[in-house]
1. In this structure, is A:Asp395 open to solvent by 20 Å² or more (accessible area, probe 1.4 Å), within 33 Å of the chain's Cα centre (by Cα) and more than 22 Å from A:Glu325 (Cα to Cα)?
2. Kindly indicate whether any position in region A:417-435 is within 11 Å of RNA strand B (Cβ to nearest atom) and either touching a Pro at 6+ places or on another chain (Cβ under 6 Å) or not assigned by TED's automatic domain parsing to the domain that holds A:Lys193 (or both).
3. Kindly establish whether A:Asp331 is in contact with a Cys (Cβ under 8 Å, 6 or more places away or on another chain) and open to solvent by less than 10 Å² (accessible area, probe 1.4 Å).
4. Restricting to strands (runs of 3 or more DSSP E) lying wholly in region A:170-246: which have 2 or more residues that are farther than 24 Å from A:Leu337 by Cα?
5. Being at pLDDT 95 or above and assigned to a loop (DSSP other than H, G, I, E, B), is that true of even one residue in region A:37-55?
6. Within the group A:Lys285, A:Lys269, A:Lys249, which residue is within 28 Å of A:Leu394 (Cβ to Cβ) and open to solvent by 50 Å² or more (accessible area, probe 1.4 Å)?
7. Keeping to region A:438-476, report how many residues are under 15 Å from A:Arg389 (Cβ atoms), among the polar types (S, T, N, Q) and either in contact with a strand residue (DSSP E or B) (Cβ under 7 Å, 6 or more places away or on another chain) or in a helix (DSSP H, G or I) (or both).
Amino acid sequence: MEIEDNIETFNSLIKRRSFIWGPSPEIYGGLAGFYSYGPAGMELKHNILSMLRRELRYFGFGEVECPTIMPEIVWRASGHLERFIDPVIKCEECNTQYRVDKLLQEALPDTIIDGLSFEEMEELIKKNRILCPKCGKVFQKIEEYNLMLKTVIGNDTIAYLRPETATTTYLLFNRLDQDARRQYPIKIYQYGKAYRNEISPRQLVLRMRAFDQFEIQLFIGKEQEMDFEDYFELKEYKLPLLDWQIQEKKIDTPNLISLEQAIKKKILKKPAFAYCLYLGYYLTKKVGIPEKVIRYRQHSPHERAHYADDAWDLEIKTNQFGWVEICGVHDRTDYDLKRHGDYSKQDFKVSMGSDPNVKEIPQILEIAFGIDRIIYTLLENAFNVEDGRINLKLDKHLAPNTVAVFPLVRNKEKIRNLALKIHRDLLEFRIKSFYDAAGSIGKRYRRQDELGTPFCITIDYQSLEDNTVTIRERDSMNQVRVDISEVPNIINK
RNA sequence: GCGCUCGUAGUAUAGUGGUAAUAUGCUGGCUUCCCAAGCCAGCGUCCCGGGUUCAAUUCCCGGCGGGCGCACCA
C-alpha cells in the first residue's frame, strides 16, 4: 500500500489511531466546535499534563481548580460581559451580518465608536445613513452576539460558562494571599475547561467551543516586576521574538535575542514579564516542540485583549494551518484585581514592596496555554512518513504506549507465554506496556510506529534458551538483544 | 453568519434513477516468518429530513457536518 506523506494521511491517522474524533456527537451528525479524545489521545493529553505539572512544581507553582460556571456579576466585573458581547446587525435583504462597531468605524473613521451603547450606535447608523455595503439596503435593529454561553442556575440566577479559567483563579486572590503567607510573587495555575460560543469554529481542535486551558498566573508587586530574582538567572537566554514594530514592516522572521537585550532595546518592559516568556517557551520545548517551529509574536496595541497591557503569542508552525497560537503571555496589570475589588467591595491592596506602609493591588502576569492546540501541533510535528512508514516521533514520556511486547510467532505456546509474562511484569512496574500477537511481526511494528511507541520487544526462539529478547527502537528501527531483566532499566533510561 | 464546494464500510476512494464496489482495516482459522508476507472463511458503507418518481445513495428543497474564501477569533 502506498503511503503518502501528506496532510490527508495525517488527518486520517489521528482518527484511525484514536487520538481525536469528531465533531461530536458523530452519530447524530455532529455539532461544530466539539471534539472527543479517544484512548490514545487521552493518554497523550494526560502525559502532557503530568509533564507540565511536574515542571511547574519545579518552578514553584501551585495548582487550583474552580467551578466552570460563575454568576453574572463575575463576568460583569471581569469585563467579559461588556467585551464578549458583540453588537451585530443583519441586512434583511442579503442576510449578511456585520459587526456594528467595525462597520461604523470604517464608515466614520473620525468618530470614537468604542464604548457607545447599542442605542447610540443605532442612532449613528440612522443619522449618517449607513447602508449595507453589499446591497445598499437600510439596516434595521442591532442585535447582540454573545461569545459567552449563558445558563440559568436554580430558577432565576443568570450565570455564564467561563470563557477563560484565569478569571476564576483571580477570584481566589485573598485565599491565595493567606496561603502564600505574603510571599510574592504568588505562583499559581489552573487547568480546566473553558467555553466560547465561537461564531464559526474551524480547524479541528484549534478553535473549539469547549476547550482545555492551562493558565499560569503570577501575582506580583510593581517593584518586584522590575527587579525579579528568577530573571537574573536566565537573562542571557535567547528567545525568537517578533515584536509588533517589526511586523508593521511586513517582516515575519523573529529575532533571536536575549531577554536582557530585549529589555535594553525596550522590546520588553519588565524583567518579570521576560521571565514569563521564558517559562512559556521552556514548557513548549519540554513537551517536544522543536525550536525551529516556535516563535513569539507580539500583539499590536489595537490587537490586545481588554485586560492586557502587553501580549505575546507563542506560535507553532504547522503544515495544515500555518502559524498557530498555542500560548498567550499577557501583562494584565492590576486590571483584574482592581475590577473584582470594586465589584465585590473587597480590598485587595497588600504591601508587596520594600516599604511595608505602601500598599498596592498586585499586578498579574499570565501564561495561558491551549492544551488542545498543544496536542494538535505536537501530533503534526511528530508525524513523519519515512520510506512508506508512518512514524509518530513522540517523546517517550508522552507516547500512549511506552513499550509493546510481541511473540515472534503466535503458534508456539512457549514463546507466547513468555511474551505474556514479560508484558505482565512490565505492567507490574507500571510501565505502559501493550501486548500484541495479531498479524505478522512487521505489521505489529508498523501499528506501534503509528502510535509513537518508542520501544518494541520481541520474544523469539532464542529467548526460550537464554532469557534474552530484542528491543527495537522506533526511529532507527535498530534492534539490540538484551537480557530480560535489563528491559525495565533500558525503557526507563 | 455569507459565498463556493463536498458528504459512500473503521480509513482512503470508485460508481449508479432499480439499495453498491476497490484497497486497506477488522474477526476466526492455517502458515511461523524480525519490519504492513501468504492462504482460507467471514464482517462492515450511501449524513439526516422532506419532495419528485412505480422506484432516490443518485434528481430537487431544507437541515447538519467538512474544506476553502470573506467576516469573526479579546
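The values are calculated or read from the model by the stated rules, or taken from the named source; none is laboratory data. Keep in mind it's a predicted model, so treat the numbers as computed, not measured. Here the Cβ is made from the backbone with ideal geometry for all residues, glycine too, and neighbour counts use every protein chain on show. Surface accessibility is based on the protein's heavy atoms, side chains included, excluding ligands, DNA and RNA. Shrake-Rupley method; radii C 1.70, N 1.55, O 1.52, S 1.80 Å.
1. Spelling it out, it is not the case that A:Asp395 is open to solvent by 20 Å² or more (accessible area, probe 1.4 Å), within 33 Å of the chain's Cα centre (by Cα) and more than 22 Å from A:Glu325 (Cα to Cα).
2. yes
3. So A:Asp331 does not fit the description; no.
4. Numbers: elements: A:186-195, A:210-220, A:238-242.
The qualifying strands (runs of 3 or more DSSP E) are A:210-220, A:238-242.
5. The answer is no, given that none of the residues of region A:37-55 is at pLDDT 95 or above and assigned to a loop (DSSP other than H, G, I, E, B).
6. A:Lys285
7. Of the residues in region A:438-476, 2 are under 15 Å from A:Arg389 (Cβ atoms), among the polar types (S, T, N, Q) and either in contact with a strand residue (DSSP E or B) (Cβ under 7 Å, 6 or more places away or on another chain) or in a helix (DSSP H, G or I) (or both).
For (1) touching a residue at least 40 places away in the same chain (Cβ under 8 Å); (2) more than 16 Å from RNA strand B (Cβ to nearest atom), each residue gets a yes or a no:
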| site | (1), (2) |
| --- | --- |
| A:Glu236 | no, yes |
| A:Trp244 | yes, no |
| A:Ile251 | no, yes |
| A:Asn255 | no, yes |
| A:Thr284 | yes, yes |
| A:Thr318 | yes, no |
